[in-house]
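Worksheet for the structure shown next.
Rule-based calculations on the coordinates, nothing more; no lab input. Please read all numbers here as calculations on a predicted model, not as lab measurements. A quick note on method: Cβ atoms are made from the backbone with ideal geometry, for glycine too, and the neighbour counts reach across all protein chains shown.
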Amino acid sequence: TTTYDIEATETKWQRVWEDLQPFRADDDSPREKRYALTMFPYPSGDLHMGHAEVFALHDVVARYWWQRGYEVLNPMGFDSFGLPAENAAIRNDEHPDTYTRANIARSIESCRKYAASFDWSRTFNTSDPEYYRWTQWLFLKFHERGLAYRKNSPVNWCPNDQTVLANEQVVGGVCDRCGAEVTKKELTQWYFKITDYAQELLDGLDELEATWPDRVVTAQRNWIGRSEGAHVTFTLHAADGERDIDVYTTRPDTLYGATFMVVAADAALAAEIVHPDRAQALGDYLVEVRKASDIDRLATDRPKTGVDLGITATNPVSGEEIPVWASDYVLADYGTGAIMAVPAHDQRDLDFARAMGLPVRRVIDTGDDNPEESGVATSGDGTYVNSGPLDGLTDKASGIRSIIERLETDGRGTGAVNFRLRDWLLSRQRYWGAPIPIIHCPVDGEVPVPDDQLPVTLPVLTGAELKPKGTSPLGGATDWVETTCPTCGGPATRDTDTMDTFVDSSWYMFRYCSPHDDTQAFDTDKVNAWMPCNLYVGGVEHAVLHLLYGRFFTKVLNDMGLVGFREPWSAQLNQGFVINQGKKMSKSLGNGVNLGDQLAAFGVDAVRLTLVFAGPPEDDIDWANMSPEGSLRFLQRAWRLSGDVTSEPGVDVTTGDVALRRTTARTVHDAAELVETYRFNVVVARVMELVNATRKAIDAGCGPADPAVREATEAVAILLSLVAPYTAEEMWERLGHEPTVARAGWPAVDGALLVEDTVTAVVQVKGKVKARLEVSPDISEADLEAAAMADAGVQRAIDGATVRKVVVRAPKLVNIVV
Ligand code: ANZ
């Protein structure tokens with residue numbers, strides 16, 4: 001036969017693997033441990049092309065580690081709580097519980113068929129009470145340490161959809177789903193105090209930089225957004241008396257150029273200090289302000305608006321009285337919610353000054369046009385002017401230092417560091433999540449649910465009861481809400497919010513280390529034995545949220561003594577997207593590619609191989625340009641080799657054809673390095689070359705009985721086991737071995753076969769051969785030139801003359817013109 005029956009082969013090996021369980025991680029194994037983690041999916045449907053890609057890439061590494069002799073933990077579970085799963089269920093008019101369960105069952109079946117090397121004995125779903133019991137327990141641990149707290153804050157509110165919206169969902173003041181005008185609403189929400197760890201989350205990135213993708217590290221740095229500057233105290237003259245107010249500035253050195261102050265219009269401060277005559281104007285303005293998202297508010301190209309608050313403030317260094325305004329371009333929850341405006345050197349301040357007719361004063365002469373006339377604020381270096389004691393200075397750092405010293409001496413300010421990172425709002429007014437395990441008692445206040453009463457199980461709501469309606473649907477479960485206070489025994493109510501799904505996924509990597517432990521969230525010793533994860537593979541869309549939250553959790557758990565490290569994921573790889581015809585796959589474009597159809601047409605191995613061979617893992621894959629047919633043809637070519645080998649297993653390979661043995665050795669040797677540097681596509685290319693070389697050896701060279709042919713074909717089977725597990729098993733069996741090839745071990749390489757042959761390079765001076773050098777065939781031009789110049793015969797021929805030109809053709813020729 002020239003090919004195997006794909007369907008029968010897949011069924012056959014699935015049974016064998018079910019029997020052998022080759023990928024079950026043993027906690028007590030004496031082997032060195034490796035933890036390969038890939039992001040677990042939201043079970044909002046069956047597996048699709050995106051999963052197929054990431055699982056294929058991830059599997060190369062996990063299977064490689066097994067072959068290299070490590071004990072590998074490669075678990076998989078489902079992020080089944082949360083909005084993505086809930087929304088999909090509602091769209092399908094099903095209960096989230098039954099809907100996610102059905103999807104999970106299908107997905108596990110698909111993963112099995114796809115031959116992903118997951119250890120299914122460790123699987124769990126975040127919506128299982130056995131799991132979320134510990135999510136709640138962790139919440140309470142954070143609460144105990146003051147790291148989970150409630151506060152009142154303004155959030156975006158769509159009156160039509162009756163729901164809270166994220167900032168990103170408010171476009172031009174309207175709800176991006178229904179077009180209704182969005183308002184702000186004050187709600188009491190639960191937060192995690194991630195800001196306590198801002199500096200450490202930033203510092204940790206310095207080390208991760210070497211093993212994490214640049215774009216993730218950069219995105220986290222920007223999100224944390226550290227800046228250095230100063231708090232400067234201005235004296236405010238309000239109608240009811242004087243008061244001090246602080247501004248945060250990164251440019252205290254421009255203090256002499258502050259010609260007005262701006263307070264966030266929606267900060268409590270604005271309403272407190274506004275002159276009574278201006279209160280109405282501020283109130284009217286606020287109605288408009290509440291419609292804009294933070295992103296719109298900070299946009300530099302947005303026309304500036306604001307209200308004069310009718311009062312003044314005193315500049316602490318110049319003593320000058322400057323007007324105080326309110327505007328929406330200053331955010332209430334950043335810095336102190338108030339700024340000193342330096343229009344000459346800050347573009348937004350300049351736009352505001354020009355819109356309101358406020359003065360502009362240049363304090364740094366940068367040689368550019370005066371900002372007042374040009375309308376362009378200057379931020380470069382220059383000479384300080386109009387700045388009292390700073391005048392004449394040219395160095396920004398000393399300008400900043402000198403002003404801060406002066407402010408500190410006068411008690412009117414201090415150097416300060418600021419972070420853009422905000423505390424993590426974790427409560428949701430949605431049904432499908434872990435209930436927040438807090439009881440509200442009129443006598444005792446916020447009371448944690450005692451450990452022995454966990455989990456607080458989600459009440460069963462159905463139909464319209466569980467749909468989002470603005471307040472948490474759990475509020476409708478009266479019997480569930482009404483409870484007794486664990487402290488005083490009096491009547492009390494349960495918190496009705498649920499936790500953000502990102503809470504569930506912030507600690508799942510620990511749970512895999514002891515997934516069925518019903519006495520604790522995770523076993524610290526086991527976690528410390530397996531973790532940190534050696535590799536985390538997943539989508540770049542999680543660059544900030546999930547990856548930052550997981551790092552935060554790890555640091556807190558380390559502070560509690562529950563884990564022995566401060567970063568959970570040592571290395572990370574982000575895969576690209578699978579697209580089609582140059583565009584993201586979507587229903588409306590009708591360019592979706594169905595994974596099931598591809599698997600049925602070409603088989604699992606050909607689809608996996610196509611995805612791995614497509615290019616570097618980080619790049620997008622355009623399925624329209626791929627050829628699963630070509631992959632299938634190659635797999636069949638490889639498979640045919642295994643039928644042609646006529647020598648017996650265990651034959652002495654040292655007597656085999658040396659040329660083929662060299663090719664095999666080089667391929668196996670390079671493949672290891674290529675896998676470790678994530679160049680999986682090159683591994684496939686090299687295996688293809690090895691298959692061709694072996695075929696040539698059989699047909700035209702040493703024949704099918706040569707032990708080198710067996711050695712090469714076995715190497716092909718083992719290397720292919722990383723990418724095309726079914727074909728590899730078939731080959732291994734035909735080669736006379738017992739299953740499974742997945743645990744056969746990495747092929748041994750005889751180092752002597754890696755030693756390069758040399759070639760002879762000819763060195764000419766003035767057209768005459770003056771030396772012959774034995775060099776490596778891959779010598780670089782520079783090395784070959786240096787070797788030629790160092791040769792005594794060559795030097796004698798040059799004889800001190802000026803070398804005019806050296807032509808190098810590595811590895812064969814050097815021509816020296818004097
Ligand atoms: C005066 C100044 C002069 C500023 C100058 C900049 C340039 P980072 O932390 O790097 O984003 N700012 C402070 N609080 C603000 C708020 N709540 N809303 C909007 N803007 C705010 O930048 C901090 C700078 O952003 C601060 O420095 C302040 O403007 C502004 F030539 O103060 B600066």
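Normalising the Debye intensity of segment 214-279 to I(0), with uniform scatterers on Cα atoms only, and taking log10 at q = 0.14, 0.18, 0.20, 0.23 Å⁻¹ returns -0.61, -0.83, -0.92, -1.06.
Assuming R0 = 60 Å, what is the FRET efficiency of Val807 and Val658, from their Cβ-Cβ distance, to the nearest 0.05?
Working: r = 34 Å, r/R0 = 0.57.
That pair, Val807 with Val658, gives E of 0.95.
Each principal axis of segment 691-818 carries a Cα extent, and these read 70, 28, 21 Å when sorted largest first.
Give me the percent of DSSP beta bridges within the chain that run antiparallel, rounded to the nearest 5. About 80 percent, rounded to the nearest 5.
Over all directions, average the projected area of the Cα convex hull of the chain and note it in nm². Please list the in-between numbers first.
Values: hull surface 188.8 nm².
It is 47.2 nm².
Among 511-521, 799-809, how do they line up by average Cβ neighbours within 10 Å per residue, starting with the highest?
Numbers: 511-521: 16.5, 799-809: 10.8.
Highest-to-lowest ranking by the protection proxy: 511-521, 799-809.
Principal-axis analysis of the Cα atoms of the chain puts helix 595-613 at an angle of about 90° to the longest axis.
With unit charges on the beta carbons (Lys and Arg positive, Asp and Glu negative) and the dipole taken about the Cα centre of segment 1-110, which residue among Gly82, Pro41, Thr3 sits farthest to the positive side? Most positive-ward Cα: Thr3. Placing unit charges on the Cβ atoms only, positive for Lys and Arg and negative for Asp and Glu, gives segment 480-529 a dipole magnitude near 60 debye about its Cα centre.
Sorted by mean Cβ packing within 10 Å, highest first, what order do the peptides 605-611, 591-597 take? Kindly include the intermediate steps, with their values, before the conclusion.
On the way: 605-611: 27.3, 591-597: 14.4.
Result, highest mean Cβ count within 10 Å first: 605-611, 591-597.
Can you tell me, using C-alpha contacts under 8 Å and at least 6 residues apart, the relative contact order of the chain as a whole percent? That works out to 13 percent.
Of the residues Ala116, Pro316, Asn418, the one whose Cα sits farthest towards the positive end of the charge dipole of the chain is Ala116 (charges of +1 on Lys and Arg Cβ, -1 on Asp and Glu Cβ, taken about the Cα centre).
Volume per residue for segment 1-135 equals 148 cubic angstrom (convex hull of Cα atoms). Helical runs (DSSP H, four residues minimum) scored at -39500 (n - 2.57) apiece and divided by the length of the chain put the mean residue ellipticity at 222 nm at -11500 deg cm²/dmol.
In the P(r) worked out for segment 673-754, what percent of Cα pairs fall beyond 15 Å? Mind showing how you got there, number by number?
Details: 2022 of 3321 pairs.
It works out to 61 percent of all Cα pairs.
Taking a ≥ b ≥ c as the square roots of the Cα gyration tensor eigenvalues, with a/c under 1.5 meaning rounded and otherwise prolate when a/b beats b/c, else oblate, which class fits segment 277-323? Show your work: numbers first, answer last.
Details: a/c = 3.45, a/b = 1.52, b/c = 2.28.
Oblate, since a/c reaches 1.5 and b/c is not below a/b.
In segment 1-135, Cα pairs under 8 Å separated by at least six residues give a relative contact order of 33 percent. Among the GluC sites (Glu not before Pro) in segment 756-795, those located in a DSSP loop and surrounded by at most 13 other Cβ atoms within 10 Å of their own Cβ are Glu756.
Nearest 0.05, what FRET efficiency do Met789 and Asp750 give at R0 = 51 Å with Cβ-Cβ as r?
Working: r = 36 Å, r/R0 = 0.70.
For R0 = 51 Å, the calculated efficiency reads 0.90.
Across segment 539-660, Cα-Cα pairs more than 18 Å apart make up 71 percent of the total. Assuming a ≥ b ≥ c are the square roots of the Cα gyration tensor eigenvalues, decide whether segment 470-624 counts as rounded (a/c under 1.5), prolate (otherwise, with a/b larger than b/c) or oblate. In terms of gyration-tensor shape, oblate.
Taking 7 Å steps out from each Cα toward its Cβ at Arg112 and Asp670 produces label points 4.0 nm apart.
Report the extension gain between Asn594 and Thr487 in nm, rounded to one decimal, defined as 0.36 nm multiplied by the number of residues separating them, less their alpha carbon distance.
Details: separation 107, 0.36 × 107 = 38.52 nm, distance 5.56 nm.
Here the answer is 33.0 nm.
Here the chain is treated with +1 on each Lys and Arg Cβ and -1 on each Asp and Glu Cβ, and its dipole about the Cα centre works out to around 1920 debye.
Farthest towards the positive end of the charge dipole of segment 468-553, among the residues Leu545, Pro486, Thr498, is the Cα of Leu545, using unit charges on the Cβ of Lys, Arg, Asp and Glu.
Rounded to whole Å, give me the distance from the Cα center of segment 238-283 to that of segment 72-136. Here the answer is 51 Å between Cα centres. For segment 361-511, the convex hull drawn through the C-alpha positions has a volume of 274 cubic angstrom per residue. Under 1.5 on a/c is rounded, so check that first for segment 623-735, then, if it is not, pick prolate when a/b is larger than b/c and oblate when it is not; a ≥ b ≥ c are the square roots of the alpha carbon gyration tensor eigenvalues. Here segment 623-735 falls in the prolate category.
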